[in-house]
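Worksheet: the structure to be examined is printed underneath.
The values are calculated or read from the model by the stated rules, or taken from the named source; none is laboratory data. Treat the numbers as computed from the prediction; the structure is a model and nothing was measured. Cβ placement follows ideal geometry from the backbone for every residue including glycine, while neighbour counts extend to all protein chains displayed.
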Amino acid sequence: SFEAIETGVGNTQYSGQVTLGTAPSYTLTDTARGGHKTYDLKGGTSGTGTLFTNSTDVWGNGSASNRETAAADAHYGAAVTWDFYKNELGRNGIAGDGKAAYSRVHYGNAYVNAFWSDQCFCMTYGDGAGNAKPLTSLDVAGHEMTHGLTAATAGLRYSRESGGLNEATSDILGTAVEFYANNSSDAGDYLIGEKIDIRGNGTPLRYMDKPSKDGNSADYWSKSLGRLDVHYSSGPANHFFFLLSEGSGARTVNGVSYNSPTYDGSTLTGIGRQKAYKIWYKALSTYMTSSTNYAGARTATLSAATDLYGAGSAEYNAVNAAWKAVNVK
Ligand code: ASN
Ligand code: ZN
Ligand code: CA
C-alpha cells in the first residue's frame, strides 16, 4: 500500500514558522519519522494524554497562551532531533530500530522542568512559571531525547562521574541539534536553555565555553567532581566539547561571544563541531558503558577518534589536548 506523507504548519514560540509532520484531518503524527506523536496532558501528570487534533493543519500561534504552541515546538524538536540522528549520526531513531518516541506537553501545573522517561519511552514538558517559559525549546528537546539515546547505548548511570557524562551527552547532542536545525529564529549556540529564561533573570541554564559561569558547574576535572549534582559535574565534558569544536580563548559564533579558558594555560585550535560530535557519539555508542568515568571517557573518545580519523591524526591529537585542557590526563 501507499501512504501519503502529510505536513502542516507550526507557529512555534521559539523557532518561528516550521513544517510539522501531521496526519490527515489532522493530528500531530509524524509519519515520516517513525510515527512520532505529540499529546496534551492538560495539566495531568500521568498517562499518555490526548493526541493533538485540529480541524485545520495550522498549529499554534507563537504564543504560550495558545495550547497548540508548545505542541508545535515539541513536535518540531523531536523531528529535528530525529533528522540529526539519521543524517549526522547514521542512527534510525533513539533505539536505532526506526521506532519513534512520543512527546507530552502541558505536564502538571506551573512545572518548571522537562524530562525523558525510559518507562514510557517519551519526552515530557512543563509550562514553566513566573518568568520561566515553557520548556519546549529546541536545545531542551534535543537534550531530553538524547537521554533516551544514552539509555539505549552506553547506559551511563545517573550518578557520580558517569551521571555527569550522561548529562553532558544530552547538552552536547542537544547543542548539536540546535546548530543542525539552522533555524533563523533560533541560531545555534553553546548555551543550554537560553530561550526559556528558567532562572527568570535572562541567563541561560548552562554555558559550555566556561561552565562555571552558571555559578555551580565545574570547568575542570578534580577528584571531588563526582560529589556534584550531575547537572554540574557535566561541566568538564561540556567544556571539553567546546574546546574540541572551537578551541580556546575568545571567539564569536552566530553573534554570541565566548571566552574559553584551559586548566594549564594551553592554547587550543578546534576541529569543528561536526567532527567533535561524531567522535562523542562513536565513543558513546561503541566504547562507553554504564560505569564510564571521566578517565574512561577520555580513552573512549581517543578510540573513537582513531576509528574515525586514524591513530595520531590531527583529530586524535586535538581530543588528547582538549581533555588535558580540562584536567583529564
Ligand atoms: N530536565 C532534567 C534533565 O533532563 C530532568 C532531570 O533532572 N533528569 O536533566
Ligand atoms: Zn538532563
Ligand atoms: Ca542553546
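Taking helices (runs of 4 or more DSSP H) that do not extend beyond the range 235-329, which have at least 1 residues that are of a type in the set (Asp, Glu) and outside the structural domain of Asn87 (by TED's automatic domain parsing)? Talk me through it step by step, then tell me what you get.
Values: elements: 235-246, 273-282, 294-309, 314-325.
So the answer is 235-246, 294-309, 314-325.
Which one is nearest to the chain's Cα centre (by Cα) among residues in the range 113-144 that are within 14 Å of ligand 2 (Cβ to nearest atom) and touching a residue at least 60 places away in the same chain (Cβ under 8 Å)?
If we take residues in the range 113-144 being within 14 Å of ligand 2 (Cβ to nearest atom) and touching a residue at least 60 places away in the same chain (Cβ under 8 Å), then Gly142 is nearest to the chain's Cα centre (by Cα).
What is the residue count in the range 33-66 for residues that are surrounded by 15 or more Cβ atoms within 10 Å (Cβ to Cβ), of a type outside the set (A, V, I, L, M, F, W, C) and within 23 Å of Trp116 (Cα to Cα)?
So the count comes out to 9.
Could you please let me know if Gly98 is within 14 Å of ligand 1 (Cβ to nearest atom), at pLDDT 95 or above and surrounded by fewer than 19 Cβ atoms within 10 Å (Cβ to Cβ)? Lay out the reasoning, then the answer.
Details: within 14 Å of ligand 1 (Cβ to nearest atom): no; at pLDDT 95 or above: yes; surrounded by fewer than 19 Cβ atoms within 10 Å (Cβ to Cβ): yes.
The answer is no for Gly98.
Among the residues of the range 160-174, write down those that are over 10 Å from Leu284 (Cβ atoms) and more than 16 Å from ligand 3 (Cβ to nearest atom).
Within the range 160-174, Arg160, Glu161, Ser162, Gly163, Gly164 qualify.
Does Thr124 satisfy the condition of being outside the structural domain of Val177 (by TED's automatic domain parsing), buried (at least 23 other Cβ atoms within 10 Å of the Cβ) and within 16 Å of ligand 3 (Cβ to nearest atom)? Steps first, please.
Details: outside the structural domain of Val177 (by TED's automatic domain parsing): yes; buried (at least 23 other Cβ atoms within 10 Å of the Cβ): yes; within 16 Å of ligand 3 (Cβ to nearest atom): no.
So Thr124 does not fit the description; no.
Tell me yes or no: at least one residue of the range 145-159 is within 14 Å of ligand 3 (Cβ to nearest atom), in the same structural domain as Trp82 (by TED's automatic domain parsing) and either under 16 Å from the mean Cα position of the chain (by Cα) or under 21 Å from Ser234 (Cα atoms) (or both). Let's see the steps before the verdict.
Of the residues in the range 145-159, the ones within 14 Å of ligand 3 (Cβ to nearest atom) are 146.
Now restrict to residues that are in the same structural domain as Trp82 (by TED's automatic domain parsing): 146.
Within this subset, residues satisfying the condition of being either under 16 Å from the mean Cα position of the chain (by Cα) or under 21 Å from Ser234 (Cα atoms) (or both) are 146.
Taking every residue of the range 145-159 in turn, at least one turns out to be within 14 Å of ligand 3 (Cβ to nearest atom), in the same structural domain as Trp82 (by TED's automatic domain parsing) and either under 16 Å from the mean Cα position of the chain (by Cα) or under 21 Å from Ser234 (Cα atoms) (or both).
Return the residues of the range 67-78 that are out of contact with any Phe, Trp or Tyr (no Cβ under 6 Å at 6 or more places or on another chain) and either surrounded by fewer than 24 Cβ atoms within 10 Å (Cβ to Cβ) or outside the structural domain of His143 (by TED's automatic domain parsing) (or both); say none if nothing qualifies.
Matches in the range 67-78: Arg67, Thr69.
Given the criteria in contact (Cβ under 8 Å) with a residue 60 or more places away in the chain, under 21 Å from Ala237 (Cα atoms), over 11 Å from the mean Cα position of the chain (by Cα) and surrounded by 24 or more Cβ atoms within 10 Å (Cβ to Cβ), does Glu167 qualify?
On the way: in contact (Cβ under 8 Å) with a residue 60 or more places away in the chain: yes; under 21 Å from Ala237 (Cα atoms): yes; over 11 Å from the mean Cα position of the chain (by Cα): no; surrounded by 24 or more Cβ atoms within 10 Å (Cβ to Cβ): yes.
So Glu167 does not fit the description; no.
If a residue has to be within 16 Å of ligand 1 (Cβ to nearest atom) and either of a type in the set (Val, Ile, Thr) or crowded, with 23+ Cβ neighbours inside 10 Å (or both) to count, how many in the range 177-194 make the cut?
Initial filter on the range 177-194 (within 16 Å of ligand 1 (Cβ to nearest atom)): 177-178, 191-194.
Applying the additional criterion that residues be either of a type in the set (Val, Ile, Thr) or crowded, with 23+ Cβ neighbours inside 10 Å (or both) yields 177-178, 192.
Matching residues across the range 177-194 total 3.
Would a scan of the range 5-27 turn up a residue that is in the same structural domain as Pro134 (by TED's automatic domain parsing) and assigned to a helix (DSSP H, G or I)?
So far as the range 5-27 goes, no, none of its residues is in the same structural domain as Pro134 (by TED's automatic domain parsing) and assigned to a helix (DSSP H, G or I).
Test Val140 against the stated conditions and say whether it is touching a strand residue (DSSP E or B) at 6+ places or on another chain (Cβ under 9 Å), under 17 Å from Gly200 (Cβ atoms) and not aromatic (Phe, Trp, Tyr). Break it down stepwise before answering.
Values: touching a strand residue (DSSP E or B) at 6+ places or on another chain (Cβ under 9 Å): yes; under 17 Å from Gly200 (Cβ atoms): yes; not aromatic (Phe, Trp, Tyr): yes.
The answer is yes for Val140.
Can you find a residue in the range 74-96 that is farther than 20 Å from Tyr180 by Cα and either touching a Leu at 6+ places or on another chain (Cβ under 7 Å) or not aromatic (Phe, Trp, Tyr) (or both)? Before you say what the answer is, go through the steps one by one.
Narrowing the range 74-96 to residues farther than 20 Å from Tyr180 by Cα: 95.
Add one more test, that the residue is either touching a Leu at 6+ places or on another chain (Cβ under 7 Å) or not aromatic (Phe, Trp, Tyr) (or both), and what stays is 95.
Scanning the range 74-96 turns up at least one residue that is farther than 20 Å from Tyr180 by Cα and either touching a Leu at 6+ places or on another chain (Cβ under 7 Å) or not aromatic (Phe, Trp, Tyr) (or both).
Filter the range 184-204 for residues that are touching a helix residue (DSSP H, G or I) at 6+ places or on another chain (Cβ under 7 Å) and not charged (D, E, K, R); which is nearest to Asp127 (Cα to Cα)?
Ile196
Does His106 satisfy being within 12 Å of ligand 1 (Cβ to nearest atom) and in contact with a helix residue (DSSP H, G or I) (Cβ under 7 Å, 6 or more places away or on another chain)? Don't jump to the end; show me each part of the working.
Details: within 12 Å of ligand 1 (Cβ to nearest atom): no; in contact with a helix residue (DSSP H, G or I) (Cβ under 7 Å, 6 or more places away or on another chain): yes.
In short, no.
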